[in-house]
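A short reminder: the numbers here are calculations on the coordinates, not readings from a lab. Remember, predicted model here, so these are calculated numbers, not experimental data. Virtual Cβ from ideal backbone geometry, glycine too; neighbours counted across all protein chains shown.
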Amino acid sequence: DLQRRSVFKLTNKRCKNGFVVACEETGEAVLIDPGDEVDQLLRIIRATASDVKAILLTHAHLDHITGVARAKAELNVPIWLHREALFLYEGIVEQGAMFGMEMEPQPPVDCFYEPGLPFRFGRYVAEALHTPGHCPGGVCLAIGRAESDARELFVGDTLFAGSVGRTDLPGGNHARLLHSIVDVLMRFPDNTPVHPGHGPDTTIGRERATNPFFK
């Protein structure tokens with residue numbers, strides 16, 4: 001059971017979530033969206049002896065990438081991002097200035113997601129599903145056992161419990177966001193767990209039935 005044994009979630013003081021997802025058989029793992037909670041995530045990685053193979057980013061808004069340099073320095077693994085999010089990643093200093101914050105540049109991106117080419121770690125696969133709307137290069141990561149159709153969704157700021165991502169930042173588009181959720185995420189079964197970048201976990205079925213944006 002991926003949720004019970006392999007997903008480690010940390011929330012920082014800004015209520016932003018970061019994740020370690022590990023294969024319970026091999027210990028190979030991925031680190032998702034390390035922000036200000038990166039030191040806690042790294043402690044979990046050390047405590048569980050997880051062998052992290054990649055840093056996977058759902059998008060490149062500053063709160064999701066402030067811990068990338070720290071994680072890269074300790075883990076020395078490739079950083080993955082959607083190509084259309086590169087302008088945000090490389091513009092983290094300018095992003096910070098928009099909010100009156102001083103930000104440091106992060107290390108270069110190593111790899112870009114490609115459609116139909118999932119990232120493999122241990123017995124698991126992570127497929128990056130392009131879900132633009134919150135920002136142009138947003139992705140949701142569908143992760144599960146390679147031999148199974150069951151997946152858990154790590155959705156960044158695309159979908160929340162009872163809400164959806166904001167679209168008033170550069171590159172945001174509300175209609176495109178709703179299309180991404182309906183056309184990509186809502187095709188998963190109702191019992192599919194959803195791990196947002198902020199707030200509590202949910203399921204596809206719960207959002208289909210109760211999220212006011214889909215009424």
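Where q = 0.23 Å⁻¹, what log10 of I(q)/I(0) comes from the Debye formula for the stretch 94-137, counting one point per Cα?
Values returned for q = 0.23 Å⁻¹ are -0.94.
Would you mind getting me the FRET efficiency between L178 and A69? Use the beta-carbon distance for r and R0 = 30 Å, nearest 0.05.
Details: r = 34 Å, r/R0 = 1.12.
Efficiency for this residue pair is about 0.35.
Lysine pairs in the chain with Cα distance under 27 Å, only those 8 or more apart or on different chains: how many are there?
Working: K9/K53; K9/K72; K13/K53; K13/K72; K16/K53; K16/K72; K16/K215; K53/K72.
Value for the chain: 8.
Let me know the shape class of the stretch 4-130, please: from the alpha-carbon gyration tensor, a ≥ b ≥ c as square roots of the eigenvalues, rounded when a/c is under 1.5, otherwise prolate if a/b is greater than b/c, or oblate. Working shown, then result.
On the way: a/c = 2.02, a/b = 1.35, b/c = 1.49.
Taking the square roots of the gyration eigenvalues as a ≥ b ≥ c, the stretch 4-130 is oblate.
Tell me, what is the Rg over Rh of the stretch 129-215, with Rh the Kirkwood radius over Cα pairs? Kindly include the intermediate steps, with their values, before the conclusion.
Values: Rg = 12.1 Å, Rh = 12.7 Å.
Using only Cα positions, Rg/Rh for the stretch 129-215 is 0.95.
Please work out the C-alpha center-to-center distance from the stretch 166-215 to the stretch 75-151 and express it in whole Å.
Value for the Cα centre distance between the two parts: 18 Å.
Taking amide hydrogens as modeled 1.01 Å from N in the peptide plane, which residues meet the under 5 Å criterion relative to D157, leaving out close sequence neighbours?
Under 5 Å from the amide H of D157: G197.
Take peptides 55-63, 88-96 and line them up by average Cβ neighbours within 10 Å, highest first, as a rough protection proxy. Before the final figure, lay out the partial values.
On the way: 55-63: 25.9, 88-96: 17.8.
Top to bottom by mean Cβ count within 10 Å: 55-63, 88-96.
Short version: ³J(HN,Hα) in whole Hz for each residue of the stretch 6-19, in order, from phi by Karplus 6.51 cos²θ - 1.76 cosθ + 1.60 (θ = phi - 60°), x for Gly and Pro, what are they?
Each residue's phi maps through the Karplus curve to give 10, 9, 10, 10, 10, 10, 8, 5, 8, 6, 9, 9, x, 9 Hz.
What does the charge count near F188 come to, summing +1 for each Lys or Arg and -1 for each Asp or Glu among other residues with Cβ under 12 Å from its Cβ? Write out the running numbers ahead of the final one.
Values: positive: R151, R187, R208; negative: E127, D149, E152, D183, D190, E207.
Net charge in that neighbourhood comes out at -3.
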